[in-house]
Amino acid sequence: MSDTSSTKPVASGEKFRTIQGTTAIKDGQKRRTSAEPQVYEPKPKWLRVKAPGGSRFEAVKRNVSEHRLSTVCQESHCPNMGECWSNGTATIMLMGSVCTRACRFCAVDTGNPNGWLDQEEPQNTAKSVELMALRYIVLTSVDRDDLQDGGASHYAACVRAIKERTPQVVVEALTPDFNGDLQAIERVVDSGLQVFAQNVETVKRLTHVVRDPRAGYEKTLHVLAHAKRHRPDVLAKTSLMLGLGETDEEVIETMDDLRAIGVDILTLGQYLQPTRNHLPVKRWVSPEEFNRFRDIGLEKGFMEVAAGPLVRSSYRADKVFEKNNLGLAAPVSVPGQDIAPSIIPALNLN
Ligand code: SF4
């Protein structure tokens, strides 16, 4: 999903020049020269999914291709795309494809876009949502520490443009932390969205290893707490990846921290290593273990917990929003129709 100015493919971890003329690192992490040897175990069978299909899926796909629209679902080869698109849900990434941060789990390109923004993005995004005939849109974005307000005004303009054009569409915004700037958070939360999300990503102890140094466990809690205090009617949502070395107790402690500040919706998914330059997977969490975490989360008072190996923060967000998690079990393997698990690691977006 990188904007490269030449046709020559750029290797993961290499520098390249974007079409805006700035430099960036492909896939966000520099090539590791003295990487410790890693053990690559085969992925468990529950990480195989059914190939997408169905009439609604085909209709959305046709619209996306005819109008040359860009979705995170397609660009990250998301294995849940068929299920989400068939139900009128998709994810669009705002503010470019280069992030100012470099989280060690994430394959988004890293660099400094030097203030670049596409001023037509709010209107074009709204047109895309209408053309795709969506019922639920998840907006996400790279972090933009190069912008004075972290991109909050632009983000809010995109939500307002969607709501003006298609007021019936439910909007979820998975935002950057805006460096904890309260006014920036309020600007986005007041834009007309229904769900405000900021991902805590991992447990407190591992945050400094997993996320960029400018991110923080407490900072994310502070952002979510402020959003909820400011607009109690807006749902607050967050996500954690499991398999990075956390203990079960730490996951449960994180749930307590999130409930204490009023977070409504939690998603839990398996961490997958995007490239060898990223953090290795420490454990495969089974579907049964995910189900147990879901039960614990519901007991703790979350309105909904979507938990499963392939669950990502935007996975079937429409269903989660409707408080109807029935049928959100991990996708099952269908012989002969599987997507190769090797494409799955590109998924850790935000
Ligand atoms: S997780 Fe978000 S903030 Fe971190 S590098 Fe990826 S896009 Fe940037």
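No lab work stands behind these numbers, since they all come straight from the coordinates. Since the structure is predicted, the reported quantities are computational estimates derived from the model, not experimental observations. Virtual Cβ from ideal backbone geometry, glycine too; neighbours counted across all protein chains shown.
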(message) For a quick check: with amide H placed at 1.01 Å from N, whose amide H comes under 5 Å from ASP143's, ignoring anything fewer than 5 positions away on the same chain?
(response) THR100, ARG101
(request) Per residue of segment 189-206, in order, report the coupling 6.51 cos²θ - 1.76 cosθ + 1.60 (Karplus, θ = phi - 60°) as ³J(HN,Hα) in whole Hz, putting x for Gly and Pro. (result) 5, 8, 7, x, 6, 9, 10, 10, 10, 9, 8, 7, 6, 8, 6, 4, 4, 9
(message) My understanding is that a pair violates if its Cα-Cα distance is over 32 Å; which of LYS163/LYS219; LYS45/LYS300; LYS45/LYS204; LYS219/LYS300; LYS127/LYS219 do that in this structure?
(response) LYS127/LYS219
(request) For HIS230 and GLU120, calculate 0.36 nm times their separation in residues minus their Cα-Cα distance, and state this gained length in nm to one decimal. (result) 36.7 nm
(request) Measure off 7 Å from each Cα along the Cα-to-Cβ vector at ARG32 and ALA11, then give the distance between these two points in nanometres to one decimal. (result) 1.6 nm
(message) Would you calculate the convex hull of the Cα atoms in segment 101-198 and tell me its volume per residue in Å³?
(response) 102 Å³
(request) Looking at segment 208-321, send over the antiparallel percent of its DSSP beta bridges, to the nearest 5. (result) 0 percent
(message) Under 8 Å for C-alpha pairs, at least 6 residues apart: give me the relative contact order for segment 63-204, rounded to a whole percent.
(response) 22 percent
(message) Let's test the formula: R0 of 30 Å, r as the Cβ-Cβ distance of ILE296 and GLU58. What FRET efficiency results, to the nearest 0.05?
(response) 0.20
(request) Starting with the fewest neighbours, write out LYS15, LYS43, LYS237 ranked by other beta-carbon atoms found within 10 Å of each beta-carbon. (result) LYS15, LYS43, LYS237
(request) With label points built 7 Å along Cα→Cβ from the Cα atoms of ARG276 and GLU164, find their separation and express it in nm. (result) 5.0 nm
(request) Rank these for me by crowding, VAL72, VAL138, going from fewest to most other beta carbons within 10 Å. (result) VAL72, VAL138
